[in-house]
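I have a structure here, written as structure tokens, and I will follow up with some questions on it.
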Amino acid sequence: MAGGTASEALRDRVSRLENFVGVPEDDGAVPLSVSTEQHAIELVDLRRTLDDFMTESSARITNIMEDVMSLTDVVKINLKSLEDEVVGSTSSTNKKKNNGGKKAKDGQSRDAKK
């Protein structure tokens, strides 16, 4: 793992630096190598948390997209149904108007013949 080799290289550098400068003698002080190792562990934990979050988020986004597609399909079906109702209503209204107009013309032509 590239992160492991980088961490080991960093640990070696810190150890060399501590050997050169010296380790603090203070009781409350934490050696730089220990602190660096703790930070490396925390970074690995943070990376796992981030990876888990990204995986979970990706799954949620996929589910949301599926829901949106399903909703879109339902809306299309409802819209098509409404279009069919409007077309059916319009065509039956037009037929009534046309039939009514023919009757009036027929009535006028009968009156004209008399």
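The values are calculated or read from the model by the stated rules, or taken from the named source; none is laboratory data. Worth saying up front: this structure is predicted, and the values here are computed from it rather than measured. Backbone-built Cβ (ideal geometry, glycine too); neighbour counts: all protein chains shown.
Select from segment 44-65 the residues that are among the aliphatic types (A, V, I, L, M) and loosely packed, with under 12 Cβ neighbours inside 10 Å and list them in ascending order. Don't jump to the end; show me each part of the working.
First pass over segment 44-65, keeping only residues among the aliphatic types (A, V, I, L, M): 44, 46, 50, 54, 59, 61, 64-65.
Those that are among the aliphatic types (A, V, I, L, M) and loosely packed, with under 12 Cβ neighbours inside 10 Å: Leu46, Leu50, Met54, Ala59, Ile61, Ile64, Met65.
Limited to segment 13-63, what total is found for residues that are among the acidic types (Asp, Glu), within 42 Å of the chain's Cα centre (by Cα) and modelled with pLDDT under 90?
Our first condition is that a residue be among the acidic types (Asp, Glu); within segment 13-63, this holds for 18, 25-27, 37, 42, 45, 51-52, 56.
Narrowing further to those that are within 42 Å of the chain's Cα centre (by Cα): 37, 42, 45, 51-52, 56.
Among the residues that remain, those that are also modelled with pLDDT under 90 are: 37.
The number of residues fulfilling the criteria is 1.
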